[in-house]
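Read through the structure below, which is laid out as structure tokens, and then see the notes.
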Amino acid sequence: MKRLGCLLIVLLLVGASVYLYLPRGSNATADNAATVAVLNTAVDAQKGSSDFAPALDGDVVASGDFVRSSKDGRAVLTFFDGSTLSVDPGSLVKVLTLNRLGSGGIQLLVEQTLGRSWAAVSKLKTPDSKFEIKTPSSIAAVRGTAFETNVTANADGTSSATYKVDDGQVLVTANAGGNVTVSANQQVTIATNQPAPAAATAQAPTPRFVLTGTTGLEFAITASTGATCGTENGRNKQELFGCVASGNTVTLREPPAGRYAVLLSKTAATPTTTLTVDAFRGTAREATRTLAGAASVTDLVRSGFTYAATTPQTISEFEPAGPVTSACSAQGTGRVFDGGALEDRYAQLRTFAEANKGQPVAFVVTDADLTKAGNASVPSDVPATVSDLRATIDSAGAHLSGQATASVLTVNAASDVSVGSVDGKLVVRIRSLSATPLPAGLLDGLRAAMEKSFDDLSNGFPFTVRQVSLRQGCLTVTGTTP
């Protein structure tokens with residue numbers, strides 16, 4: 001038993017020591033699940049028969065689960081087909097049905113009883129695939145589109161659902177009868193007990209961004225809310241309400257005011273690259289800015305600009321562009337700690353926090369950082385051979401795995417964790433823990449030890465955490481020094 005415990009400690013408590021420098025995660029490969037990204041705190045989830053509890057990044061929700069945001073909460077649900085549902089403050093959604101079909105398609109039915117959501121739906125792969133949003137008055141069905149659903153309460157106790165489509169088409173069927181097709185730049189409102197109107201109406205002209213990059217330039221912008229619009233690591237991210245990303249053009253309806261972080265990467269060799277952002281009101285262009293450069297292929301470059309939703313709209317000059325090592329570095333705010341050995345980086349963070357009060361700060365970790373730190377932490381006096389110890393980070397979370405061999409026994413271990421901010425405190429939660437071929441009952445002591453390590457991390461973390469953000473290959477913790 002002592003030897004087995006030692007093997008597990010090597011594999012997973014060593015992993016816990018890696019996570020002491022910042023974990024996070026969940027398992028987005030589950031066939032019938034969606035992962036949660038918390039953009040602002042005060043997002044709760046209710047799973048099965050459990051009570052509502054604070055949601056963390058990397059948490060998994062499946063059929064029957066609720067996600068609820070407070071007046072300050074924002075979250076993004078990412079489904080296994082790549083579709084996303086962004087949830088605004090004061091919203092309540094329930095995943096009624098979420099299934100992966102044998103044909104490879106998806107069947108999703110989400111019930112939204114209050115608040116505003118933004119659905120960016122991947123093109124449905126099979127004829128039997130479905131993506132539907134049900135409200136108290138109607139249901140919206142799509143086959144690859146981007147649209148907003150806003151459910152508001154009426155004075156008489158009923159509610160109304162407004163659907164605004166920015167790309168593709170949505171078929172809205174009223175509970176009281178009839179249906180209407182809503183195309184791009186159209187909208188429709190249906191109240192409880194009202195039939196569908198004969199036709200949708202045009203959306204009123206509103207402010208919007210149009211971002212255009214040269215051929216071979218991949219780019220994305222991230223608002224101060226933490227939501228991203230554009231292309232990152234070859235994948236469209238359409239988390240911002242009104243965002244449609246297509247090729248080298250991105251449009252964003254009613255952009256929120258504030259600073260936008262910009263991440264650029266060249267995917268093809270060209271002499272120069274340019275990114276232009278235009279601010280329109282209806283068809284009238286009110287502001288324009290251009291960022292030009294000559295980055296090499298695969299280089300990551302960070303910039304930013306500030307937008308004011310005035311009349312006319314204004315856009316600041318682009319901030320000076322500079323190279324970064326990861327997407328997380330580009331989107332960190334304030335003093336960003338993203339270089340050097342992980343242990344040294346964490347020590348520098350603590351020193352900075354002690355000497356600088358009330359300052360914005362970001363701590364960045366890559367999966368290469370975690371893997372290197374984990375292997376360096378293997379004790380030399382453990383009677384086992386530890387191999388293939390690695391950590392990976394993606395939009396679904398951070399995942400640790402490894403193997404230990406002693407005598408004739410080989411243990412393959414893995415763990416996933418979720419991380420987030422609850423009341424300004426970094427919270428780490430073990431989502432799964434396994435060590436084949438050992439029975440699950442033997443892991444209880446190890447889980448307790450890991451959770452204590454995570455509690456120690458939370459209690460000693462040197463700044464107030466506002467958000468934890470996961471991206472392919474990296475994660476960022478942002479907040480303010482106390």
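Read-outs throughout are calculated quantities, based only on the coordinates presented, and are distinct from any laboratory measurement. A quick note: this is a predicted structure, and the numbers were derived from the prediction, not measured. When we count neighbours, we look across all protein chains shown, and the Cβ atoms used for this are built from the backbone with ideal geometry, even at glycine.
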- line: With 0.36 nm assigned to each residue of separation and the Cα-Cα distance removed, N233 to T298 gains 22.4 nm
message: Among T212, G115, V468, whose Cα projects farthest towards the positive end of the dipole of the chain, with charges put on the beta-carbon of Lys, Arg (+1) and Asp, Glu (-1)?
response: T212
message: For L39, what residues show an amide H to amide H distance below 5 Å, using hydrogens built from the backbone and excluding near sequence neighbours?
response: R74, A75, V76
- prompt: Taking the DSSP beta bridges in the chain as the whole, what percent of them are antiparallel, to the nearest 5?
  reply: 95 percent
task: Would you please put 319-330, 137-148 in order of how densely packed they are, using the mean number of other Cβ atoms within 10 angstrom per residue and starting with the highest?
output: 137-148, 319-330
- prompt: Residue farthest toward the positive end of the dipole of the chain, with Cβ of Lys/Arg at +1 and Asp/Glu at -1: which of G90, A269, V427?
  reply: A269
message: Please list, in order along the range 241-251, the HN-Hα scalar couplings obtained from phi with the Karplus expression 6.51 cos²θ - 1.76 cosθ + 1.60 (θ = phi - 60°), rounded to whole Hz, x for Gly and Pro.
response: 4, x, 8, 10, 10, 8, x, 9, 10, 10, 10
message: Output wanted: per-residue J couplings in Hz (rounded whole) for the range 453-464, from phi through Karplus 6.51 cos²θ - 1.76 cosθ + 1.60, θ = phi - 60°, x for Gly and Pro.
response: 4, 5, 5, 4, 4, 4, 5, x, 5, x, 8, 6
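Beyond 26 Å between alpha-carbons counts as too far, so tell me which of K71/K123; K47/K452; K71/K134; K425/K452; K164/K237 fall in that bin.
K71/K123
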query: Can you give the angle from 0 to 90° between the axis of helix 342-355 and the longest principal axis of the chain, with both taken from C-alpha atoms, to the nearest 10?
result: 70 degrees
field: R100-T410 pseudo-label distance in nm [points 7 Å out on the Cα-to-Cβ vector]
entry: 2.6 nm
query: Which residues does a label at T249 reach in the range 259-279, if reach means a backbone N under 18 Å from a point 7 Å past the Cα toward the Cβ?
result: 274-279
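In the range 34-202, what % of DSSP beta bridges are antiparallel (nearest 5)?
95 percent
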field: 5 angstrom amide H check on V417, placed H, neighbours 5+ away
entry: R24, G25, S26, A398, R431
message: Just want to confirm a number: the relative contact order over the chain, from Cα pairs under 8 angstrom separated by 6+ residues, in percent.
response: 15 percent
Dipole axis of the chain (+1 Lys, Arg; -1 Asp, Glu on Cβ), positive-most option in P360, S183, S395: S183
message: Taking 30 Å as R0, compute the FRET efficiency from the Cβ-Cβ separation of A153 and S183 and round it to 0.05.
response: 0.60
- prompt: Over all distinct Cα pairs, what is the inverse of the mean 1/r for the chain, reported as the Kirkwood hydrodynamic radius in Å?
  reply: 23.7 Å
- request: Taking 7 Å along the Cα-to-C-beta vector as the label spot, tell me the S387-K123 distance in nanometres, rounded to one decimal.
  value: 4.4 nm
- request: About the Cα centre of the chain, how large is the charge dipole given +1 on each Lys and Arg Cβ and -1 on each Asp and Glu Cβ? Please answer in debye to the nearest 20.
  value: 240 debye
field: Sorted peptide list for 459-470, 184-195, 35-46, criterion being average Cβ within 10 angstrom, highest first
entry: 35-46, 459-470, 184-195
task: Using amide H atoms built 1.01 Å from N in the peptide plane, name the residues 5+ places from G144, or on other chains, whose amide H lies under 5 Å from its own.
output: L124
- prompt: Okay, helix-only estimate at 222 nm for the chain: each DSSP H run of n ≥ 4 adds -39500 (n - 2.57), divide by all residues, round to 500 deg cm²/dmol; what do you get?
  reply: -3500 deg cm²/dmol
- prompt: So for the pair T270, F66, with labels modelled 7 Å out along Cα→Cβ, what separation do we get in nm?
  reply: 4.9 nm
field: Packing-based order for 99-105, 168-174, 224-230, 157-163, using average beta carbon neighbours within 10 Å, highest first
entry: 224-230, 168-174, 157-163, 99-105
query: Which of the trypsin sites (Lys or Arg not before Pro) found in the range 322-365 are loop residues per DSSP with 13 or fewer other Cβ atoms within 10 Å of their Cβ?
result: K357
